[in-house]
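Notes to accompany the following structure.
A short reminder: the numbers here are calculations on the coordinates, not readings from a lab. As the structure is a computational prediction, the values presented were derived from the model and not from experiment. A quick note on method: Cβ atoms are made from the backbone with ideal geometry, for glycine too, and the neighbour counts reach across all protein chains shown.
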Amino acid sequence: MSLLSLEGLTVDLPTPRGNLRAVDGVDLALAAGQTLGIVGESGCGKTMLSRAILQLLPKRARVGGRVMFEGQDISKLRPDALRRLRGPALAVVFQDPMTSLNPVLTIGTQLVETLQAHLAVDGREAVRRGVELLAAVGIPAPEQRMGQYPHQLSGGMRQRVAIAIALSCEPRLLIADEPTTALDVTVQAQILDLLARETRRRHMAMILITHDLGVVAGRTDEVAVMYAGRIVERAPTRALFHGPRMPYTEALLAAIPKLDSAPHTRLPTIEGRPPDPTRRMPGCAFAPRCRYAEGDCVVGKPGLGPVDAGHEFACWHPR
Amino acid sequence: MSAPLLEVSDLVVEYRVGGRIVHAVSGVSLGVRRGETLGLVGESGCGKSTLGRAVLQLTRSTGGEIRFDGHSLTAMRGETLRKMRQRVQLIFQDPIASLNPRRRTGDIIAEPLIVAGVRSRAERDRRVRAVMEAVGLDPDTVMNRLPSEFSGGQCQRISIARALVLEPEFIVCDEPVSALDVSIRAQILNLLEDMKNRYGLTLLFIAHDLAVVRAVSDRVAVMYLGRLCEVAPTDALFVRPAHPYSRLLLDAIPMPDPDIRPIEGVAVGEPPSPIAPPSGCRFRTRCPRADAICASEMPELRLLAPEQYVACHHPLTGS
């Protein structure tokens, strides 16, 4: 049985310009201990997808389909049951730790609060564990840090604290939504190392959401590429990078500047931009930008399939 | 060799923040030759943007000199400086925030012409249309629209048009593609290359993304905590970096290649505060090669290989 499986998940948001379909029928499964990268550009729905898994969508959002976690549909859970699930089962690390941490509480208070809310531990034990967690995520002088406020820490240190809080209840699934986007490259490498080490050590599953294909390349088992609210390709990481089948994936890989190409090499581009998500279109959403598009592409939406060695793609004319 | 178009000599920029002094740029000397693109890389807080702004004297320098085409910008004031700025322009990172949201696109691009004293409306209109077409905007459709009606990529085209409309000789590009998605980034990078060739521009290209810098630069300068570590031809820097910090930056890049396993533990620590930079070599607190001399003596930039300058007591040799 999968740890997590999404079945026909849709998310609709009412906007002044009409209904915005942010997630458009996503099916996805993730096994325990596996790391899945979800890659896509701004507005592709990757963040709404993660919010739907976490049941953290805005109130006005309408959700369709099922979010199965360890066999139960968590979109049907009552708030108190959901609260018990968050922490020990599901945890999240957001892009900006400055907004996810409470600025007026010390690091220690926030860690201890989380530990005591979910685990049966007394205050002293919670403090002891908090210090241990800070040390585990690579924060020097953890005892002193417990008494400090988020603004006294650097961006990288704050993200380590956010990770410590997320890990505090030993979650079985960690969702990391652009966890390193706000960080410098040398700090990013350290945070990605930390996440990789902790997923291995705890046999924890992770969904790593990013716009950067470089971030998922060496650090995930599988990658799903999203475009206009749908998963357009999903494959074991190596297969995806070595043999992308969906033209969007191919174009996205080609558009990254390569470190081994000569200066002033012209980059292959994807002309145009993603479609307006408030307007439904009948065919493949990438067709207007796709250089392989033919007549049938604008008529019917290709489904995700066929599965060949775990590699599936949504395209009428795959590469 | 002819004198560089832009010559920065021993530039010092310091800010006072709450009674303490931020050493943003501490003695940087650098030349940019006519027609070349010099990439300037470093992590947040290293002073690269301050250096870029100092070139236009938007941030006044505390010490040192900046000469443009033989004229000292640091000595200029008022009208003379404003005249000189017509030859030196700036493109910012955030394309949406850098455009006035209440002005029409045509007026935004025409503004530099008005400042420069182009009185004839017909002449301004002609030049605005020409530059719009050059950057790939259709004058008839965009002329009367507001920035909010455009995507980030389109807004960056408007910023580029505004920077080009006076036909400057030199443009400081401060993280021009950092806020853009991969597929749009490639379009803008190609556009900058085209514009450089078409208008015979010289560029100072500031970025934190080394792959982007590699794609556009003839030479690259690496900055750390207000000082230059290394200045080298692009190929030399990427193939044989001489400064341990250059090496660290290269190793920390997440490579979009699943066969390159990230080396865990390559990066340690974070840059110290520019309020109290370390003595001697500013990188020594994170440097694996640091010893006593690094703490006591500040390394000066010196020639190590043809055109490759490094400020290090123990440079890396060979690969």
Computed [θ] at 222 nm, deg cm²/dmol, the protein assembly as shown (DSSP H ≥ 4; -39,500 (n - 2.57); rounded to nearest 500): -9000 deg cm²/dmol
Cα-based shape type of the protein assembly as shown, given that a ≥ b ≥ c are square roots of the gyration tensor eigenvalues and the cut on a/c is 1.5: oblate
Over chain A, relative contact order from alpha-carbon pairs under 8 Å, at least 6 apart, %: 21
Residues with amide H under 5 Å from that of B:GLY64, placed H, sequence gap 5 or more: B:VAL12
Estimated FRET transfer efficiency (A:ALA135, B:VAL12; beta-carbon r; R0 56 Å; 0.05): 0.90
B:ARG121/B:ALA3 FRET efficiency (R0 60 Å; Cβ-Cβ; nearest 0.05): 0.95
Axial C-alpha extent at least 24 Å, average Kyte-Doolittle at least -0.5 - helices from chain A (DSSP): A:185-202
Computed label-point distance, nm, for sites B:ARG82 and A:TYR292 using a 7 Å Cα→Cβ extension: 5.7
Whole-Hz couplings from phi, Karplus 6.51/-1.76/1.60, listed for the range B:195-210; x for Gly and Pro: 5, 4, 5, 5, 9, x, 7, 10, 10, 9, 10, 9, 7, 9, 8, 5
Centre separation in Å (Cα based) which lies between the range B:244-319 and the range A:1-33: 44
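Of the beta bridges DSSP finds with both residues in the range B:125-234, what % are antiparallel, to the nearest 5?
55
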The range A:7-56, dipole about Cα centre (Lys/Arg Cβ +1, Asp/Glu Cβ -1), debye to the nearest 20: 180
Three-way shape label, the range A:204-303, alpha-carbon gyration tensor, a/c 1.5: oblate
Difference of contour (0.36 nm per residue) and Cα-Cα distance, A:ALA120 to A:ASP73: 14.3 nm
Cα long-axis angle, helix B:105-115 against chain B (0 to 90 degrees, to the nearest 10): 80
Partner chain coverage, peptide B:235-247 - average Cβ within 10 angstrom: 1
In range of the label at B:ASP140: residues from the range B:147-165 whose backbone nitrogen is under 17 Å from the point 7 Å along Cα→Cβ: none
Helix B:152-164 axis, angle to chain B major axis (alpha carbon atoms, nearest 10°): 80
5 angstrom amide H check on A:ALA32, placed H, neighbours 5+ away: A:LEU3
Label point 7 Å beyond Cα of B:SER29 along Cβ direction - residues of the range B:190-232 with amide nitrogen under 19 Å: B:220-224, B:226-232
Karplus-derived HN-Hα couplings along the range A:311-317 (A = 6.51, B = -1.76, C = 1.60, θ = phi - 60°), whole Hz, x at Gly and Pro: 10, 10, 8, 10, 7, 7, 10
Cα-projected label distance for A:ARG128 with B:ALA97, points at 7 Å along beta-carbon direction, nm: 4.6
Label point at B:SER273 placed 7 Å out along Cα→Cβ; residues across the range A:93-134 whose backbone nitrogen lies under 17 Å: none
Shape of the range A:21-148, Cα gyration tensor, a/c cut at 1.5: prolate
Relative packing of peptides A:142-155, A:76-89 - highest average C-beta neighbours within 10 Å first: A:142-155, A:76-89
Whole-Hz ³J(HN,Hα) from phi, Karplus 6.51 cos²θ - 1.76 cosθ + 1.60, for the range B:42-48, glycine and proline x: x, 8, 4, x, 7, x, 5
